[in-house]
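See structure below.
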Number of protein chains: 2
Amino acid sequence: METNTNTTLQTVITSEELLAHWQGHRNLTRRVIEAFSEKDLFNFSIGGMRPFSEMVVELLAIATPGIKEIVTGKTAAFNEDINHENKKEKLLEIWDKTTEDINAYWPQIKPEQFHDTIKSFGEYEGTVWSSIFYFIDNEIHHRGQAYVYLRALNIEPPFFYER
Amino acid sequence: METNTNTTLQTVITSEELLAHWQGHRNLTRRVIEAFSEKDLFNFSIGGMRPFSEMVVELLAIATPGIKEIVTGKTAAFNEDINHENKKEKLLEIWDKTTEDINAYWPQIKPEQFHDTIKSFGEYEGTVWSSIFYFIDNEIHHRGQAYVYLRALNIEPPFFYER
């Protein structure tokens with residue numbers, strides 16, 4: 001018993017905390033999607049970059065498939081073919097489905113798996129933890145870009161620290 | 001011995017890995033600072049946001065003082081009064097000094113400290129781990145904004161995945 005207690009206490013972050021951390025970020029990203037008008041979500045861009053909708057498609061193509069791969073050990077090619085019909089409502093619907101799917105798959109990641117070496121989407125080598133951190137960091141990175149889009153559109157983005 | 005081995009193997013991320021992860025991000029941020037001309041670093045902005053130099057000052061004001069607080073337990077008010085003389089070279093010099101300081105303080109964080117509750121800068125309550133994650137996430141967030149500035153300036157930013 002004491003060993004278990006110490007293990008938890010000496011852990012930087014637990015698996016459950018990492019899930020909550022990510023879903024907190026995903027909750028913020030959802031509100032950033034909502035802050036755009038449908039037209040700007042699918043069309044507005046700066047400096048030849050993608051509209052935010054296309055970055056969101058990338059995030060959706062990474063999240064569930066990335067975690068599913070870790071859990072099942074079955075690799076699939078990266079696939080951004082997501083049918084959002086150019087509708088904000090549809091994109092949010094897929095976002096919410098992804099939230100549920102991540103929550104369903106996550107508890108199947110075994111604690112001893114986090115330092116295993118994997119190749120996400122058959123291409124990107126790393127450990128399970130570094131891959132998951134990449135998924136989260138990549139979301140923060142692109143959402144930060146969406147903040148500039150919103151500011152350029154004269155829209156106040158949600159507070160970064162509210163998750 | 002076996003208990004220790006299992007503890008490491010079942011950890012999502014070790015303290016040393018988290019440090020390397022952050023310094024990898026900081027290395028990328030340094031290259032993003034370098035990618036700006038001095039004039040644009042201190043002046044260019046979009047949508048009424050701060051120039052990237054001011055965001056960098058925020059990151060510098062958080063990094064060493066934030067970790068120092070965790071290690072020493074001595075709280076200090078948040079202070080962005082950093083003397084960069086409006087020079088890119090000076091900002092990079094302070095950046096590199098911060099890299100060394102973080103490396104020096106970090107090993108003094110005790111493993112059992114990561115779940116302690118703290119109040120960063122006497123204001124922001126969280127655990128040690130959530131505070132450090134905030135420092136890192138906030139850096140990724142603002143650096144993502146700098147990517148849009150660079151693209152708007154027709155400058156190719158460094159690859160996000162190269163740390």
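Quick notes on this one:
- The listed residues are A:Gly126, A:Gly122, A:Gly144, and the only one of them that is under 16 Å from B:His142 (Cβ atoms) and among the small types (Gly, Ala, Ser) turns out to be A:Gly144.
- Residues of the range B:38-52 satisfying the condition of being in contact with a Lys or Arg (Cβ under 8 Å, 6 or more places away or on another chain), touching a residue at least 40 places away in the same chain (Cβ under 8 Å) and assigned to a loop (DSSP other than H, G, I, E, B): B:Ile46, B:Met49
- Qualifying residue in the range B:152-162 (condition: assigned to a helix (DSSP H, G or I), open to solvent by 40 Å² or more (accessible area, probe 1.4 Å) and closer than 16 Å to B:Pro51 by Cβ): yes
- Residue tally, condition touching a residue at least 40 places away in the same chain (Cβ under 8 Å) and surrounded by fewer than 18 Cβ atoms within 10 Å (Cβ to Cβ), over the range A:53-75: 2
- If you filter the range A:1-29 down to residues that are in a loop (DSSP other than H, G, I, E, B) and modelled with pLDDT under 95, you find that the one that is surrounded by the most Cβ atoms within 10 Å (Cβ to Cβ) is A:Thr11.
- Subset of the range A:39-52 [open to solvent by 40 Å² or more (accessible area, probe 1.4 Å) and touching a Phe, Trp or Tyr at 6+ places or on another chain (Cβ under 7 Å)]: A:Phe44
- Candidate set from the range A:95-118 (those that are of a type in the set (A, V, I, L, M) and surrounded by 14 or more Cβ atoms within 10 Å (Cβ to Cβ)); member that is nearest to the other protein chains (Cβ to nearest Cβ): A:Ile109
- Considering (1) out of contact with any His (no Cβ under 7 Å at 6 or more places or on another chain); (2) more than 28 Å from A:Ile13 (Cα to Cα); (3) open to solvent by less than 30 Å² (accessible area, probe 1.4 Å), the lone condition that B:Leu91 does not fulfil carries the number (1).
- First in the range B:139-163 and at pLDDT 95 or above, second anywhere and of a type in the set (Asp, Glu) and open to solvent by less than 20 Å² (accessible area, probe 1.4 Å), Cβ under 9 Å, 6 or more apart: B:Ile140/A:Asp137
- With respect to the conditions (1) at pLDDT below 95; (2) closer than 26 Å to B:Ile155 by Cβ, B:Asn86 lacks only one, and its number is (1).
- Of the residues A:Phe121, A:Phe78, A:Phe133, A:Phe36, the single one that is among the hydrophobic types (A, V, I, L, M, F, W, C), within 24 Å of B:Tyr161 (Cα to Cα) and buried (at least 19 other Cβ atoms within 10 Å of the Cβ) is A:Phe133.
- Taking the criterion of being more than 8 Å from chain A (Cβ to nearest Cβ) and either over 30 Å from A:Leu153 (Cα atoms) or among the acidic types (Asp, Glu) (or both), the residues of the range B:125-151 that qualify are B:Glu125, B:Gly126, B:Thr127, B:Val128, B:Ser131, B:Ile132, B:Glu139.
- Taken together, A:Val56, A:Val71, A:Val32 contain a single residue that is in a helix (DSSP H, G or I), of a type outside the set (Gly, Ala, Ser) and in contact with a Lys or Arg (Cβ under 7 Å, 6 or more places away or on another chain), which is A:Val32.
The values are calculated or read from the model by the stated rules, or taken from the named source; none is laboratory data. Model, not experiment: these values are computed from the prediction. Here the Cβ is made from the backbone with ideal geometry for all residues, glycine too, and neighbour counts use every protein chain on show. Just the protein is used for accessible areas: all its heavy atoms, side chains included, with ligands, DNA and RNA removed. Shrake-Rupley method; radii C 1.70, N 1.55, O 1.52, S 1.80 Å.
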